[in-house]
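**Q** One structure, pasted below without further comment.
The values are calculated or read from the model by the stated rules, or taken from the named source; none is laboratory data. All values derive from a computational prediction rather than experimental measurement. Glycine gets a Cβ as well: all are built from the backbone with ideal geometry, and neighbour counts include every protein chain shown.
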2 protein chains.
Amino acid sequence: MTQDRGYFSEETSAQAVIARNAACPNPRLAQVMEVITRKLHEAVKEIEPSEAEWMQALQFLTATGQICNDWRQEWILFSDIMGVSMLVDAINHRKPDGGSENTVLGPFHVADAPEMPMGANICLDGKGEDMVVSGYVRDTQGRPLAGVRMDVWQANDEGFYDVQQKGIQPDFNLRGVFVTGADGHYWFKAVKPKFYPIPDDGPVGKLLAALGRHPYRPAHLHFIVQADGFQTLTTHIFDPNCPYITSDAVFGVKESLLANFRKVEDAAKSTAMGFTADWFWAVDFDFVLAR
Amino acid sequence: MTQDRGYFSEETSAQAVIARNAACPNPRLAQVMEVITRKLHEAVKEIEPSEAEWMQALQFLTATGQICNDWRQEWILFSDIMGVSMLVDAINHRKPDGGSENTVLGPFHVADAPEMPMGANICLDGKGEDMVVSGYVRDTQGRPLAGVRMDVWQANDEGFYDVQQKGIQPDFNLRGVFVTGADGHYWFKAVKPKFYPIPDDGPVGKLLAALGRHPYRPAHLHFIVQADGFQTLTTHIFDPNCPYITSDAVFGVKESLLANFRKVEDAAKSTAMGFTADWFWAVDFDFVLAR
């Protein structure tokens, strides 16, 4: 009777709320809210928050929205540090046929980066340790793919993207688009990337600190790899020797995305590449596109 | 191995995040975040949101914080319409020994309402249908309690509290504090309350509409009943004949809080009460305080 009439009791709390949504005209919304209500009530019953703790939670939720503006999205950061962005990405980009794995896009992608010829250097200011990035793009049968558009971008060796240092780095520094030929091969020059912190001066940064967690993302390069007839691959490749490789603040690292960053101590090769030091970094990574 | 090194996989997503909080110096925060992470990942895995749906959720979360200000708390509203405020209230105010049940405080309580003698009329503007509210305050053994402070407040018969209509209603209209004597009896004059909507012009109101739900709270009177040595009781009494009694937007109704609002058609009694109509409403409700 209590349930039928919609009166509240601790025991039937979730059912009372879910029953109230029975007239929802949008079946997907009703389903989503059913799950959210059930899990939220399960969480509250397991946590048994005091009223002061509940108020603290409401204040965190409020502050997280209030710091957002046109260029800052603290709720995405929260989703990131809770592993939820990666989970949503994983759910939406399963690769049962063996395609390369996705990871998060991140906030620093810029449309309209310049298309460059293979072998070009995306580093425009000469700063950082030189690096050659190369590999093949293939389909899941191992056939090289021509006409693949690779959009690449990275932080500099101080951990900043060009858009974070306008006026300090040149526009489109460490960004470029490359298109594969018949052999499916790609290569370009870059610099070794560095780890960097996510914005940690807001509620999410305070939460990370309270949890005893650091805000760093391990060193990586970003790729969007796309070809007609294939799923677009949005991913990173990571430096396994970065000190934060096993503790990415946003959980972006997947084992299959660890690349091998080799130090090539060969002065002649370095000179042939147009580099000034007598050594350079080299990383090979092949991508597999799924249909 | 994947788990040990903290790399992400869909299967072990929650464990990867929880393991990262192992160094948390605050055991209660670690416990709370363990539950939240686990339930959040369970919810995402069950919902399987598209990336567009996830973005919609982030936009809702952002907008809910951004509409908050000094006098509006949209996150409390969200907690209310999800039944979570009532659940937290229930968890913190279990009455195993038979004390009267709590319900939510609501946002319209005002400190320092005037103390009045028993029988006073809390309605200061003569508007609405006259009503007499009376009953006893007892302990769980049935003994009447003296010196009990009862803080009462209600909306007028248009569904507005004085603080929502400053300049229209007199200050402290429909508010008062009464203190019981040796017999534990209380009584005062008031007006029949009316249902009213929670603020529904923000994200929570839009969500209610999308769910096919109305924003109304059924007619009620608020009470805070306190006495030395007893748990303070914060509750309402409800009119079971209100059209929204089985669908309170914030789930505040409990079966034990339904009162009997009787129409007394007795001109002599009404005149004796000082009322002008030849009838009035009467409601009797007894409160039991738990130690």
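**Q** Answer yes or no as to whether A:Ser13 is surrounded by 22 or more Cβ atoms within 10 Å (Cβ to Cβ), within 9 Å of another protein chain (Cβ to nearest Cβ) and over 30 Å from A:Tyr216 (Cβ atoms). Break it down stepwise before answering.
**A** Values: surrounded by 22 or more Cβ atoms within 10 Å (Cβ to Cβ): yes; within 9 Å of another protein chain (Cβ to nearest Cβ): yes; over 30 Å from A:Tyr216 (Cβ atoms): yes.
Yes.
**Q** Only one residue in A:Met150, A:Met131 is at pLDDT 95 or above, part of a strand (DSSP E or B) and over 21 Å from the mean Cα position of the chain (by Cα), so which one is that?
**A** Details: A:Met150 fails: over 21 Å from the mean Cα position of the chain (by Cα).
Every option except A:Met131 fails the conditions.
**Q** Which condition number does A:Arg20 fail, the rest of (1) surrounded by 16 or more Cβ atoms within 10 Å (Cβ to Cβ); (2) under 27 Å from B:Ser9 (Cα atoms) being met?
**A** With (1) surrounded by 16 or more Cβ atoms within 10 Å (Cβ to Cβ); (2) under 27 Å from B:Ser9 (Cα atoms) applied to A:Arg20, the lone miss is (2).
**Q** Can you tell me which residue within segment A:81-103, out of those that are β-branched (Val, Ile, Thr) and over 22 Å from A:Val44 (Cα atoms), is surrounded by the fewest Cβ atoms within 10 Å (Cβ to Cβ)? Even if it seems obvious, please write down each step before you answer.
**A** In the first step, residues of segment A:81-103 are kept if they are β-branched (Val, Ile, Thr); the result is A:81, A:84, A:88, A:91, A:103.
Then drop every residue that is not over 22 Å from A:Val44 (Cα atoms), which leaves A:88, A:91, A:103.
Values: A:Val88: 22, A:Ile91: 18, A:Thr103: 29.
If we take residues in segment A:81-103 being β-branched (Val, Ile, Thr) and over 22 Å from A:Val44 (Cα atoms), then A:Ile91 is surrounded by the fewest Cβ atoms within 10 Å (Cβ to Cβ).
**Q** Now, a different point. Report the residue count in segment B:51-62 for those that are more than 7 Å from chain A (Cβ to nearest Cβ) and either under 25 Å from the mean Cα position of the chain (by Cα) or touching a residue at least 40 places away in the same chain (Cβ under 8 Å) (or both).
**A** At the first step, the residues of segment B:51-62 found to be more than 7 Å from chain A (Cβ to nearest Cβ) are B:52-53, B:55-57, B:59-60.
Among the residues that remain, those that are also either under 25 Å from the mean Cα position of the chain (by Cα) or touching a residue at least 40 places away in the same chain (Cβ under 8 Å) (or both) are: B:60.
Selection size over segment B:51-62: 1.
**Q** Can we say A:Gln66 is at pLDDT 95 or above and more than 7 Å from every other protein chain (Cβ to nearest Cβ)? Don't jump to the end; show me each part of the working.
**A** Details: at pLDDT 95 or above: yes; more than 7 Å from every other protein chain (Cβ to nearest Cβ): no.
The answer is no for A:Gln66.
**Q** Among the residues of segment B:168-193, write down those that are outside any loop (DSSP other than H, G, I, E, B), among the charged types (D, E, K, R) and closer than 16 Å to B:Val132 by Cβ. Break it down into steps so the answer makes sense when it comes.
**A** Kept after step one, since they are outside any loop (DSSP other than H, G, I, E, B), are these residues of segment B:168-193: B:169, B:175-179, B:185-191.
Applying the additional criterion that residues be among the charged types (D, E, K, R) yields B:175, B:189.
Hit for segment B:168-193 is B:Lys189, nothing else.
**Q** Given (1) in contact with a Pro (Cβ under 7 Å, 6 or more places away or on another chain); (2) surrounded by 15 or more Cβ atoms within 10 Å (Cβ to Cβ); (3) modelled with pLDDT under 95, identify the lone condition not met by B:Gly176.
**A** Every condition holds for B:Gly176 apart from (3).
**Q** All but one of (1) more than 8 Å from chain A (Cβ to nearest Cβ); (2) farther than 26 Å from B:Gly205 by Cβ; (3) crowded, with 21+ Cβ neighbours inside 10 Å hold for B:His41, so report the exception by its number.
**A** Failing condition for B:His41: (1).
**Q** Count, please, the residues in segment B:196-214 that happen to be within 12 Å of chain A (Cβ to nearest Cβ) and under 15 Å from the mean Cα position of the chain (by Cα).
**A** First pass over segment B:196-214, keeping only residues within 12 Å of chain A (Cβ to nearest Cβ): B:202-203, B:206-214.
From what is left, the residues that are under 15 Å from the mean Cα position of the chain (by Cα) are none.
Result for segment B:196-214: 0.
**Q** Hey, another quick one. Across segment A:246-281, which residue is nearest to A:Ala120 (Cα to Cα) among those that are free of Cβ contacts under 8 Å to residues at least 40 places away in the same chain, surrounded by 14 or more Cβ atoms within 10 Å (Cβ to Cβ) and within 20 Å of the chain's Cα centre (by Cα)?
**A** A:Ala259
**Q** Check segment A:184-195 and report whether any residue there is in the same structural domain as A:Ser256 (by TED's automatic domain parsing), within 16 Å of A:Pro107 (Cβ to Cβ), at pLDDT 95 or above and among the basic types (Lys, Arg).
**A** no
**Q** A follow-up question, please. Only one of these conditions is not met by B:Phe78: (1) surrounded by 19 or more Cβ atoms within 10 Å (Cβ to Cβ); (2) more than 26 Å from B:Pro243 (Cα to Cα); (3) modelled with pLDDT of 95 or more; (4) not charged (D, E, K, R). Which number is it?
**A** That leaves (2) as the condition not met.
**Q** Inspect segment B:13-25 for any residue being of a type in the set (Ser, Thr, Tyr) and under 27 Å from the mean Cα position of the chain (by Cα) and give the result as yes or no. Show your work before the answer.
**A** Filtering segment B:13-25 for residues of a type in the set (Ser, Thr, Tyr) gives B:13.
Going one step further and asking which of them are under 27 Å from the mean Cα position of the chain (by Cα), we end up with none.
No.
**Q** Moving on. So which residues in segment A:78-113 are among the polar types (S, T, N, Q) and assigned to a loop (DSSP other than H, G, I, E, B), if there are any at all?
**A** Within segment A:78-113, the subset among the polar types (S, T, N, Q) is A:79, A:85, A:92, A:100, A:102-103.
The answer is A:Ser100, A:Asn102, A:Thr103.
**Q** Looking at segment A:120-141 only, could you name the residues that are more than 25 Å from A:Ile168 (Cα to Cα) and touching a residue at least 60 places away in the same chain (Cβ under 8 Å)? Full working, then the answer.
**A** The first filter runs over segment A:120-141 and keeps only residues more than 25 Å from A:Ile168 (Cα to Cα), leaving A:134-141.
Those that are more than 25 Å from A:Ile168 (Cα to Cα) and touching a residue at least 60 places away in the same chain (Cβ under 8 Å): A:Ser134, A:Gly135, A:Tyr136, A:Val137, A:Arg138, A:Asp139, A:Thr140.
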